[in-house]
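Contents: one structure, followed by commentary.
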Amino acid sequence: MADLRPLLFFDSGVGGLSVLAPARALLPHAPLVYAADSAGFPYGTKSEAEIAARVPALLGRLAERYRPRLIVIACNTASTIALAHVRAALDVPIVGTVPAIKPAAALSRTRVIGVLGTEATVRQPYVDDLATRFATDCTVIRHGSAELVELAEAKLHGAVTDPARFRAVLDGLFAQPRGERIDVIVNACTHFPLVEAELAAAAPHPVAFVDGGPGIARRIAHLTRDQDWPDAPSPGIAAFTRLDDDAYRLAPALASYGLERIEAL
């Protein structure tokens, strides 16, 4: 019999779709479950204690319900705070999401890198560690933005967004000392690749954007390399901790990622 266990992607909102997309492209027959903690959204403004308590408990429920072969915490904030707690609590392979500072440093010519994330992510010591390990010869400039998370959510809900709001967010990077020399920006929140085109249009000069999605897809493929997949793709599931009209308005966007069923957690 075919192995129908899904890959489970978890985020507070729709940001994790930027991680699901490259994984789906690499493993097109993989059954997919996308779980959004809409009742807890957004994570970027919550305390570390709240996230460290909420995420492992919720992922425990999800693991019992969907029996995934692997879980992806497709949220930088949840990963940097709760990844170790989740791995200790669950007997399922867990893949986290970390800021793509290493590839950014490899790409930068000016040796000045911007890191754009939530406030909770950019202040984490883990980001300091990544910069020390992989970008020692770079100036790493950080900016936390809750507004950009909201803009990404609005885009997937079909709303029109104001370009001036993207320019204002980027000013948080470019207006800092040496900010005018930034040539690579790390999208250190999974929501942000969803508005990469808008960010690129708002930047004061051409910059490259990098994120962890492609690397995570390769990691998933490696960890499941000896496993069987169904012979054909099946409709994916999008599950929400708060299923309301707001969630249903996402249906067209979700369908474009292969998530055709919507249900409550």
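The values are calculated or read from the model by the stated rules, or taken from the named source; none is laboratory data. Predicted model only: the values in this text are computed from it and were never measured. Here the Cβ is made from the backbone with ideal geometry for all residues, glycine too, and neighbour counts use every protein chain on show. With ligands, DNA and RNA removed, areas are computed over all heavy atoms of the protein, side chains included. Shrake-Rupley method; radii C 1.70, N 1.55, O 1.52, S 1.80 Å.
What do you reckon, is T190 open to solvent by less than 30 Å² (accessible area, probe 1.4 Å), among the hydroxyl-bearing types (S, T, Y) and touching a helix residue (DSSP H, G or I) at 6+ places or on another chain (Cβ under 8 Å)? Considered against the rule, which asks whether it is open to solvent by less than 30 Å² (accessible area, probe 1.4 Å), among the hydroxyl-bearing types (S, T, Y) and touching a helix residue (DSSP H, G or I) at 6+ places or on another chain (Cβ under 8 Å), T190 comes out as yes. In the set (1) touching a helix residue (DSSP H, G or I) at 6+ places or on another chain (Cβ under 8 Å); (2) not in a helix (DSSP H, G or I), the condition left unmet by A253 is number (2). When restricted to residues that are at pLDDT below 95 and more than 21 Å from V19 (Cβ to Cβ), the stretch 59-79 contains 0. From the list R249, R167, R178, R225, the lone residue that is surrounded by fewer than 20 Cβ atoms within 10 Å (Cβ to Cβ) and within 16 Å of L156 (Cβ to Cβ) is R249.
Note on the stretch 60-89: residues that are open to solvent by 30 Å² or more (accessible area, probe 1.4 Å) and in a loop (DSSP other than H, G, I, E, B) amount to 1. Considering only residues in the stretch 228-246 that are more than 24 Å from V95 (Cα to Cα) and not aliphatic (A, V, I, L, M), the one that is least open to solvent (accessible area, probe 1.4 Å) turns out to be D244. If you go through the stretch 32-57 and pick out every residue that is open to solvent by 10 Å² or more (accessible area, probe 1.4 Å) and either closer than 15 Å to A238 by Cα or hydrophobic (A, V, I, L, M, F, W, C) (or both), you end up with 8. A search for C-beta distances below 7 Å between a residue of the stretch 1-20 that is without any contact (Cβ under 8 Å) to a residue 12 or more places away in the chain and within 12 Å of T97 (Cα to Cα) and any residue that is of a type in the set (G, A, S) and in a loop (DSSP other than H, G, I, E, B), counting only pairs 6+ apart in sequence or on different chains, returns nothing.
Check whether at least one residue in the stretch 48-58 is under 23 Å from A251 (Cβ atoms), modelled with pLDDT of 95 or more and not in a strand (DSSP E or B), and report yes or no. Checking the stretch 48-58: at least one residue is under 23 Å from A251 (Cβ atoms), modelled with pLDDT of 95 or more and not in a strand (DSSP E or B). Determine, yes or no, whether A105 is touching a residue at least 24 places away in the same chain (Cβ under 8 Å), open to solvent by less than 10 Å² (accessible area, probe 1.4 Å) and over 16 Å from the mean Cα position of the chain (by Cα). The answer is yes for A105.
Out of everything in the stretch 7-36 that is in contact with a Gly (Cβ under 8 Å, 6 or more places away or on another chain) and part of a loop (DSSP other than H, G, I, E, B), what residue ends up being modelled with the highest pLDDT? Looking at residues that are in contact with a Gly (Cβ under 8 Å, 6 or more places away or on another chain) and part of a loop (DSSP other than H, G, I, E, B), I get P31. In the stretch 90-132, which residues are in a loop (DSSP other than H, G, I, E, B) and farther than 24 Å from L59 by Cβ? Once the filter is applied, which keeps residues that are in a loop (DSSP other than H, G, I, E, B) and farther than 24 Å from L59 by Cβ, the stretch 90-132 yields S108, R109, T110, R111. Residues in the stretch 194-215 that are in a helix (DSSP H, G or I) and either open to solvent by less than 30 Å² (accessible area, probe 1.4 Å) or out of contact with any strand residue (DSSP E or B) (no Cβ under 6 Å at 6 or more places or on another chain) (or both): L194, V195, A197, E198, L199, A200, A201, A202, G213, P214, G215. Residues of the stretch 134-164 that are open to solvent by less than 40 Å² (accessible area, probe 1.4 Å) and either part of a loop (DSSP other than H, G, I, E, B) or among the charged types (D, E, K, R) (or both): A135, C138, S145, E153, T161.
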